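The values are calculated or read from the model by the stated rules, or taken from the named source; none is laboratory data. Note that the coordinates shown come from a computational prediction; the quantities given were computed from them, not determined experimentally. All Cβ positions, even for glycine, are placed from backbone atoms using ideal geometry, and neighbour counts span all protein chains on display. Surface accessibility is based on the protein's heavy atoms, side chains included, excluding ligands, DNA and RNA. Shrake-Rupley method; radii C 1.70, N 1.55, O 1.52, S 1.80 Å.
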Amino acid sequence: MDWACQLLGLGPEFLNSSEVGGGAIQNTASDSALIAIVAARSLYLRHHPDVPLMNLVIYTTSQTHSLGVKAGLVLGLSVRVLAVKAEDNFSLRGETLRLALEEDERQGLKPFVLSKSSLSQLAG
C-alpha cells in the first residue's frame, strides 16, 4: 500500500513501513462496509469488554444499501433497520434515532455503528 500513499502524496506516517499507517484496498462497497463494521465492533468491545456479542446491534436505514444487513449476516450480529420517509427526503430524523436508542437501551441492546448511504436505494 505504500505505493498508493506515495501516489497520493501522503506523508510518511501513512506508509505501512511506518508501522503506524497502512491499509488495504477492498474490491466492493460491501467489503469496505464489512471492514468498517468489524473495526467499529472491535473498538466498541475494547471499551466495553463485558458486553456479549449477542447484545450488539448494527443500525441501518430503510434506504441504505444492503451492505449493513449483509455485514450483520456475515458477523452474526443483529441489525435494526430504521424507517426513513419520503416527506423527510429519506433522511434519518434525530427523533427516530433517539427513540430506537432508548428502546434498545431498555432491552439491554448495544447499538455500536450506524451504516448509512448518501444515495437512496428505492427513491430513485
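Observations on the structure shown:
- Of the residues making up the stretch 58-78, those that are in contact with a strand residue (DSSP E or B) (Cβ under 7 Å, 6 or more places away or on another chain) and surrounded by fewer than 18 Cβ atoms within 10 Å (Cβ to Cβ) are Ser62, Val69, Ser78.
- Filtered residue count, the stretch 92-116, keeping only those that are open to solvent by 80 Å² or more (accessible area, probe 1.4 Å) and over 15 Å from Thr64 (Cα atoms): 6
- Evaluation of Asn89 against the conditions (1) over 14 Å from Phe112 (Cα atoms); (2) open to solvent by less than 80 Å² (accessible area, probe 1.4 Å) shows that the sole unmet condition is (2).
- Restricting attention to the stretch 31-57 and to residues that are β-branched (Val, Ile, Thr) and under 11 Å from the mean Cα position of the chain (by Cα), the residue that is most open to solvent (accessible area, probe 1.4 Å) turns out to be Ile35.
- Here Ile25 passes the criteria (1) open to solvent by 70 Å² or more (accessible area, probe 1.4 Å); (2) modelled with pLDDT of 85 or more except the one numbered (2).
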